Amino acid sequence: MCAENGDRKLCIICSKGSLDMAYPGLVLANAALMEGIDVIMFFTFWGLDIVNKKKMEHLKVTPIGNPSMGIPNSVAGLPGMTNLATVMMRREIEKLDFPLVEEFLQMIADAGGKLYGCKMSMDMMHLTRDDLFAEVEAVVGATDFMEMSEGAQIIFV
Amino acid sequence: MCAENGDRKLCIICSKGSLDMAYPGLVLANAALMEGIDVIMFFTFWGLDIVNKKKMEHLKVTPIGNPSMGIPNSVAGLPGMTNLATVMMRREIEKLDFPLVEEFLQMIADAGGKLYGCKMSMDMMHLTRDDLFAEVEAVVGATDFMEMSEGAQIIFV
Amino acid sequence: MCAENGDRKLCIICSKGSLDMAYPGLVLANAALMEGIDVIMFFTFWGLDIVNKKKMEHLKVTPIGNPSMGIPNSVAGLPGMTNLATVMMRREIEKLDFPLVEEFLQMIADAGGKLYGCKMSMDMMHLTRDDLFAEVEAVVGATDFMEMSEGAQIIFV
């Protein structure tokens, strides 16, 4: 940030695995890359779902506990409501021509964005490197992340 | 951040539309302005509710899925519990003489804070500029936000 | 951030009081201290639970409203599910030899990390300094926090 434009760096920590909280990180990463900013994405806790090969295309949005979706919790908790909300949100995302999660991550990697999994979270969830999207650079610890993020703007999603 | 005090800049991305997650952004924006720091607020995803004229004074807090509120989910999901929690929180906010959302945003705008809506999110939610609080400066994309936030501290709420 | 390595500073705002959202702040704080980075933790809103003596060892994780936990909301809301999820997560944390919350905070304080409570939130929740963990440095307002965080990287959890 202190250096010339070309050295600006953005680190995005993705800690949530819901569809609605996956996109803000992806959109910001993509926008930053388009502006010539270096991008590092660090997937931790529930955010590992975004780069988990078995889960990345099945992220869900749930209307429960989110007053912004306008569905009372007593209804939002009924079976099928999460699927309904997810289908509706996916449709809106497609209408806007935003890519699905895997395609979006591939675009980010192709544009030079670096993807990392959080070691502690992977151990906690019993995941190995093979469970992750191929473009994930490496699995690293929090101290490694602190080194990488020196001089960067950091966003925790 | 690298320049003298007067050039410090804070960008707050507001992505949540619940009452309890609206206030942290508003409080930090206001505090920063009082300290002479430039403030940009970017309302995206559910955070658009904070500047949505029809919703801004009706933000809710829900006790479900939030163990800090101390209400078991089996009770928290009952009809009326969200309203009860919301009424109680509003009362505490008023007791502390903190302004309501619209008044708070007006104070922030009057003090020079800049408010922006996120274009992608507005398209997704079928909102237009007319749906937003009058003091919202403009509706911009994520790349515009990346340009505005150069050299800033960024907080994602 | 603009100065030499030794002057790097990280401010972590902890706004959530659930077990799964307490650890990211604690882990990052600890990692930063190990890298020689100055650390300030600011506990606000629900995040005050993390330094609330009566609550800090009883933080919970709830499977409701979190699609990443893979439990349908209609089941996740049943009595006992929050306790079950909490017991399971605590077991994983222990297996990885990560300390419990109080011990973790003590480590952070011993390593020079500074802990602060948010005055507005404490007033809202009717808490006093005596309710907080002994290592909390002080209770301060948002403008104080803005002063402390000058030149820092800020993370909002």
Dividing the alpha-carbon radius of gyration of region C:1-143 by 2.2 N^0.38 Å, where N counts its residues, gives 1.12
XL table A:Lys53/B:Lys16; B:Lys16/B:Lys55; A:Lys55/B:Lys16; Cα-Cα > 18 Å flagged, in table order, is A:Lys53/B:Lys16; A:Lys55/B:Lys16
Ranked by GNM mean-square fluctuation in chain C (Cα springs under 10 Å), the top entry among C:Ser15, C:Ser68, C:Ser121 is C:Ser68
With one decimal in nm and the nearest listed first, the spacings from C:Arg91 to its own position in the other copies, using label points 7 Å along Cα-to-Cβ, are 4.1, 4.1
Within the protein assembly as shown, the percent of DSSP beta bridges that are antiparallel, given to the nearest 5, stands at 5
Note to self: C-alpha centroids of region B:25-67 and region C:54-120 sit apart, in Å, by 26
One can check that the equivalent ellipsoid of the protein assembly as shown, built from the alpha-carbon gyration tensor with semi-axes equal to the square roots of five times its eigenvalues, has lengths in Å, largest first, of 27, 26, 26
One point scatterer per Cα, no solvent, Debye formula: log10 I(q)/I(0) for region C:62-156 at q = 0.11, 0.18 Å⁻¹ comes out as -0.55, -1.03
Calculated from DSSP helices alone, with each H run of at least 4 adding -39500 (n - 2.57) and the total divided by the residues of chain C, [θ]222 nm to the nearest 500 comes to -10500 deg cm²/dmol
Within 10 Å of the Cβ of an average residue in A:120-129, the count of other chain Cβ atoms is 3
Partner shielding of A:53-59, as the mean number of partner chain Cβ atoms within 10 Å, equals 1
Along principal axes, largest first, the alpha-carbon spread of region C:22-95 in whole Å comes out as 45, 24, 20
Inter-copy distances for C:Asp110, nm, shortest first, label points 7 Å along Cα→Cβ, are 5.1, 5.1
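Readers should treat all values here as calculations from the given coordinates under stated rules, not as data from a laboratory. Every value quoted in this text rests on a predicted model; they were computed, and no experiment measured them. Every residue, glycine as well, gets a Cβ built from its backbone with ideal geometry; the counts of neighbours run over all protein chains shown.
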